[in-house]
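In what follows, a structure is listed as structure tokens, so that the remarks can point back to it.
The values are calculated or read from the model by the stated rules, or taken from the named source; none is laboratory data. The structure presented is a predicted model; accordingly, all values stated were derived computationally and were not measured. Backbone-built Cβ (ideal geometry, glycine too); neighbour counts: all protein chains shown. We work out accessible area using only protein heavy atoms, side chains counted, and drop any ligands, DNA or RNA first. Shrake-Rupley method; radii C 1.70, N 1.55, O 1.52, S 1.80 Å.
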Amino acid sequence: MRSERVALAGDPAVLVAELRALVPAAESVTAAVAEIISRVRAEGDAAVNDYTRLLDTGGAEPKPQRVSEDELEAAAQGLEPAIRRGLERAIANVEAVATARAHRERISVDLGSHVVHVGSTPVARAGVYVPGGRAPYPSTVVMGVVPARIAGVQHVAVCAPPGPDGELNPVILGACRLAGASTVYRMGGAQAIAALAYGTESVTAVDVIVGPGNLYVQEAKRQVFGQVAIDGFAGPSDLVAIAEGGVDPEPLALDLLAQAEHGPGTLVVGVSDSPELLDALAARLDEGIDTGAVACLIEVSDFEHALAFAEAFAPEHLQLVGPGPEALASRVTRVGCVFIGGLSATAFGDYIAGSNHILPTGGAARFASGLSPEHFLRGTTEVRVLEASELAREAAPVARAEGFELHARSMEARIRDNQGQ
């Protein structure tokens, strides 16, 4: 895998724009996805099955969309022991971290004349999309199902595209059983997103859809947003690794190469103040298999410039290796997940650390966060007015300034009735 070599000079945002431009722009699939969603809304299961034949099973008749409980249990029991142990450890760790983030406590704010109670409640139903493609992704099952379950969602549906034989990979099914999925569907692509959003004869509509997937899947999530909530638009993966001279280049090179395994569109960036370290990384990256990922190595004069670059880039993953870079950790504000220290490979976060690997991509870490129970919780507010006179007198002029006379009268009517009933 060939790597670009540049020196950081001037505005980091300019270099960030140039790096992101190295990733080819995705084709527009807006119209194709709109047609798929329209057909699924109108035709239900028949449309989903048509697209499954066309896109997944090579023309063979699809299996029933819903996977049976017996199939899920058999898959869980049939997992290789080492894979089962790894999944169970991942589930336990993701549960622990998700539990720490599941803020559902009720808080009361006493404002004298009235009290406002704020809290959150889980959505009723959630859908988790698990990509197909070159390999099964049981880790994505864990990352999607566990936070939803910890949030208190009562029904968590998983869907994944079937293979040419019409079946889902047994490791996916086993992970669904271990993670606690309520329902599993054999369906993928934009048609699966449409089915989860609007429902069909076989698929119950959900309230939130999360998970990675190809461009069609992400565009479908974008188009059904509003009918349901989504976690965000998941584009190609990226990693920025900031390292100090003197660290072992081999693990760091493996981290970059590992992220490049995600394939075309992936962007991996090594940043250092050491030309020698960058030379070593370049040599190792050049030996790597060409996956279609883009690699870039950036020389900085100091780690303040490295931090400025990382903040402008807003990476999905950020690794800080060596005393100088590690000291920056508390000042990082725009990132999906930070990995601190030479032992903290990004791959641990992808599988077993307990952090979530469904993270904002394409610079979206400027405003978005990794998947957590909060994506499945909806805020609730309760107002109890105890003394209305002062509130009404102060708010009514504002209502009239907006042209809402009846809003003003509605509040003023309470001046004569201050019992707060």
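Quick notes on this structure:
- Averaging the Cα positions of each part gives two centres, and for the range 329-404 and the range 51-99 these lie 30 Å apart.
- Only one item in (1) 4, 20, 29, 29, 16, 2, 0; (2) 5, 19, 25, 22, 16, 9, 4, 1, 0; (3) 5, 16, 19, 18, 16, 13, 8, 4, 1, 0 matches P(r) over Cα pairs in 10 Å bins from 0, in percent derived from the coordinates shown, and that item is (2).
- Applied to the range 284-301, the Karplus parametrisation 6.51 cos²θ - 1.76 cosθ + 1.60 on θ = phi - 60° returns per-residue 3J(HN,Hα) values of 6, 5, 5, 7, x, 5, 7, 9, x, 6, 10, 10, 9, 10, 10, 9, 10, 7 Hz, with x for Gly and Pro.
- Exposed loop sites here are chymotrypsin sites (Phe, Trp or Tyr not before Pro) assigned a DSSP state other than H, G, I, E or B and surrounded by at most 14 other beta carbons within 10 Å; excluding them, the longest clear run of the chain is 1-366.
- Karplus-based coupling profile of the range 165-180, in residue order and whole Hz: 7, x, 9, 8, 4, x, 5, 4, 5, x, 5, 4, 5, 5, 7, x, with θ = phi - 60° in 6.51 cos²θ - 1.76 cosθ + 1.60 and x standing for Gly or Pro.
- Annotation for THR121 and LEU22: the two label points, set 7 Å from Cα along the Cα-Cβ direction, are 5.0 nm apart.
- Near GLY354, once Lys and Arg are set to +1 and Asp and Glu to -1 for all other residues with Cβ below 14 Å from its Cβ, the sum equals -1.
- For the range 313-323, 3J(HN,Hα) per residue [Karplus equation, 6.51 cos²θ - 1.76 cosθ + 1.60, θ = phi - 60°, Hz, x = Gly/Pro]: 6, 6, x, 5, 10, 10, 10, 10, 10, x, x
- Size of electric dipole in the chain: Cβ of Lys, Arg +1 and of Asp, Glu -1, about Cα centre, debye, nearest 20: 1420 debye
- Candidates VAL14, VAL141, VAL385, ranked by Gaussian network fluctuation over the chain, Cα under 10 Å, top entry: VAL385
- Relative contact order, whole percent, for the range 288-421 stands at 17, derived from Cα pairs under 8 Å and 6 or more residues apart.
- Every helix of 4 or more DSSP H residues in the chain counts as -39500 (n - 2.57), and over all residues that averages to -12500 deg cm²/dmol at 222 nm.
- Compared with the alpha-carbon gap, the fully stretched path from ARG5 to GLU405 is longer by 137.5 nm at 0.36 nm per residue.
- The chain, accessible surface, carbon-and-sulfur percent (1.4 angstrom probe): 54 percent
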